[in-house]
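Remarks on the structure that follows.
The values are calculated or read from the model by the stated rules, or taken from the named source; none is laboratory data. Keep in mind that what you see is a predicted model, and the values were worked out from it rather than measured. Cβ: placed from backbone, ideal geometry, glycine included. Neighbour counts: every protein chain shown.
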Amino acid sequence: MLLSRGFFPTLKETPAEAQIASHRLMLRAGLVRQTAAGIYAWLPLGLRVLDNIARIVREEQNRAGALELLMPTIQSADLWKRSGRYEDYGREMLRITDRHDRELLYGPTNEEMITDIFGQSVKSYRDLPRCLYHIQWKFRDEVRPRFGVMRGREFLMKDAYSFDLDYHAAVQSYRRMMLAYMRTFQRMGLKAIPMAADTGPIGGDLSHEFIILAPVGESAVFFDADFENTDWVNAHFDYDNTDDLATFYDQMTSLYAATEEKHDAAAWERVPPARRREGRGIEVGQIFYFGTKYTASMGVTVAGPDGAAVIPEMGSYGIGVSRLVGAVIEASHDEAGIIWPDAIAPFRAAILNLKQGDPACDAMCDRAHEALGDLALYDDRPERAGVKFNDADLLGHPWQIVIGPRGAAAGRVELKRRADGTREEVSLEDALARVRG
Ligand code: ATP
Ligand code: MG
């Protein structure tokens, strides 16, 4: 893509309202613009990142056997009255009345709706287990929206819902999702730790939050330093194998890790002092097992193997897709700007033409641009080199292909890796191969 024809409005000044690095950088790099308190428009660069994150989430949900659907953002209050949560949910719920005086709401989550959809369609134990998910905007009227997209009022969430015949099967669903989450976050270049957590307004008995360590995190966390750096993506755990899931789950839960609300001083004492770590973390996902809370209250049953009615067991599983954009930047930036992990970068490379109008420079840049197509953002503006360098660092492309007149004449480019700042002089072909990966 040509930068000169794009819409990448960067800011020179640091916006005064932004308290943390990711919020500042998202505004400065032109990823989002706030349109009302806690509500953001996603500009082209930000949208590409959001889409990349959603794609990884989707691929790992599908790989774990979950099925994608799409439910609406607006829900009927009647659904929530059936589960009893309409009053309980409180002022975080944005309540709306339509022209016929019917009560509606902008969904903060979808347990009721999915339970209703599922209950209307599924009648037999043979249709279980099922896990359904969607990636959809939510609205929660947070008292204090802050930190940009990290605590917005409107935000994008992946929420999955599992339906199983009994407790044992529901536990398998829970473990499967936990594995899918570890794979998902690893692919985004994040180290997430599952921590025992409170269930809050979703309810239930078993829950884990997935926490990214960061000083600006809102949760205080306690964990064992031995939490391993395991390669979950390539680990041979089969989603359909109960033993694999048990091994995985034991590995996940044998070491101490808890958020403040679930912190257990006695268990903490048993962690060797040298391994105790306290810090702050950002919650990027949470999973819940809550049994028959919604199916029972909403009257959903299926015919079991012996014909008797069975109330399906459920769990729900959320990932903060839009929050992750901020969380990734918190985990990966420096003084100069964002450092995108390859997997979610909006562009894999910037092509920097240091002398626009120089025939050799222009020709080589055009070749690079044609070869990389949508993988690269070609800075073809008639700007000084310094401006282009600064913008490329701010926008955080994993690679910069720097093309100046001397190099172009000799068929060479400078290839810079944003993450560690290393620069190499290579042929254009080598640079393209490296960028393509
Ligand atoms: P928090 O404790 O941060 O308010 P939550 O526990 O209420 O979040 P969940 O119901 O677990 O949120 O929602 C699933 C995921 O959605 C969270 O793990 C988080 O990543 C994301 N999320 C929740 N609230 C927001 C928000 N206001 N802005 C952006 N993302 C959010
Ligand atoms: Mg949560």
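Numbers below:
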{"item": "Qualifying residue in the range 209-217 (condition: more than 16 Å from ligand 1 (Cβ to nearest atom), in the same structural domain as Ile56 (by TED's automatic domain parsing) and under 26 Å from Ala265 (Cβ atoms))", "result": "yes"}
{"item": "Residue in the range 358-382 that is surrounded by the fewest Cβ atoms within 10 Å (Cβ to Cβ), counting only those that are under 18 Å from Met1 (Cα atoms) and small (Gly, Ala, Ser)", "result": "Gly373"}
{"item": "Tally, over the range 11-34, of residues that are at pLDDT below 95 and either not aliphatic (A, V, I, L, M) or not assigned by TED's automatic domain parsing to the domain that holds Val216 (or both)", "result": "6"}
{"item": "Subset of the range 323-338 [away from ligand 2 (no atom under 16 Å from the Cβ) and closer than 16 Å to Gly38 by Cα]", "result": "Val325"}
{"item": "Enumerated strands (runs of 3 or more DSSP E) restricted to the range 99-211, each holding at least 1 residues that are within 16 Å of ligand 2 (Cβ to nearest atom)", "result": "130-139, 154-164, 192-196"}
{"item": "Ala419 vs. criteria hydrophobic (A, V, I, L, M, F, W, C), modelled with pLDDT under 95 and farther than 12 Å from Leu352 by Cα", "result": "no"}
{"item": "Out of Phe227, Phe163, Phe155, sole residue that is at pLDDT 95 or above and within 26 Å of Ile329 (Cβ to Cβ)", "result": "Phe155"}
{"item": "Test: Ala258 is hydrophobic (A, V, I, L, M, F, W, C), within 16 Å of ligand 2 (Cβ to nearest atom) and over 14 Å from Arg175 (Cβ atoms)", "result": "yes"}
{"item": "Residue in the range 136-150 that is nearest to ligand 1 (Cβ to nearest atom), counting only those that are of a type in the set (D, E, K, R) and crowded, with 19+ Cβ neighbours inside 10 Å", "result": "Arg140"}
{"item": "Residues that are loosely packed, with under 13 Cβ neighbours inside 10 Å and not in a strand (DSSP E or B), drawn from the range 73-98", "result": "Glu87, Asp88, Gly90, Arg91, Asp98"}
{"item": "Tally, over the range 397-433, of residues that are in contact (Cβ under 8 Å) with a residue 60 or more places away in the chain and in contact with a Leu (Cβ under 8 Å, 6 or more places away or on another chain)", "result": "2"}
{"item": "So Ala64, is it surrounded by fewer than 13 Cβ atoms within 10 Å (Cβ to Cβ) and either among the aliphatic types (A, V, I, L, M) or within 16 Å of ligand 2 (Cβ to nearest atom) (or both)", "result": "no"}
{"item": "Only listed residue being in contact (Cβ under 8 Å) with a residue 24 or more places away in the chain, among the small types (Gly, Ala, Ser) and either on the phi > 0 side of the Ramachandran plot or within 11 Å of ligand 1 (Cβ to nearest atom) (or both), chosen from Ala197, Ala170, Ala225", "result": "Ala197"}
{"item": "All helices (runs of 4 or more DSSP H) inside the range 261-370 with 1 or more residues being away from ligand 1 (no atom under 16 Å from the Cβ) and assigned by TED's automatic domain parsing to the domain that holds Met188", "result": "265-269, 293-297"}
{"item": "Failed condition for Met93, given (1) modelled with pLDDT of 95 or more; (2) farther than 28 Å from Tyr294 by Cβ; (3) over 18 Å from the mean Cα position of the chain (by Cα); (4) among the aliphatic types (A, V, I, L, M)", "result": "(2)"}
{"item": "Any hit, the range 36-49, residues being within 15 Å of the chain's Cα centre (by Cα), away from ligand 1 (no atom under 16 Å from the Cβ) and closer than 30 Å to Asp127 by Cα", "result": "no"}
{"item": "Residue satisfying all of: in the range 399-437; buried (at least 19 other Cβ atoms within 10 Å of the Cβ) and out of contact with any strand residue (DSSP E or B) (no Cβ under 7 Å at 6 or more places or on another chain); farthest from Glu370 (Cα to Cα) among these", "result": "Gly404"}
{"item": "Residue satisfying all of: in the range 386-427; in a helix (DSSP H, G or I) and over 34 Å from the mean Cα position of the chain (by Cα); farthest from Ala29 (Cα to Cα) among these", "result": "Ala409"}
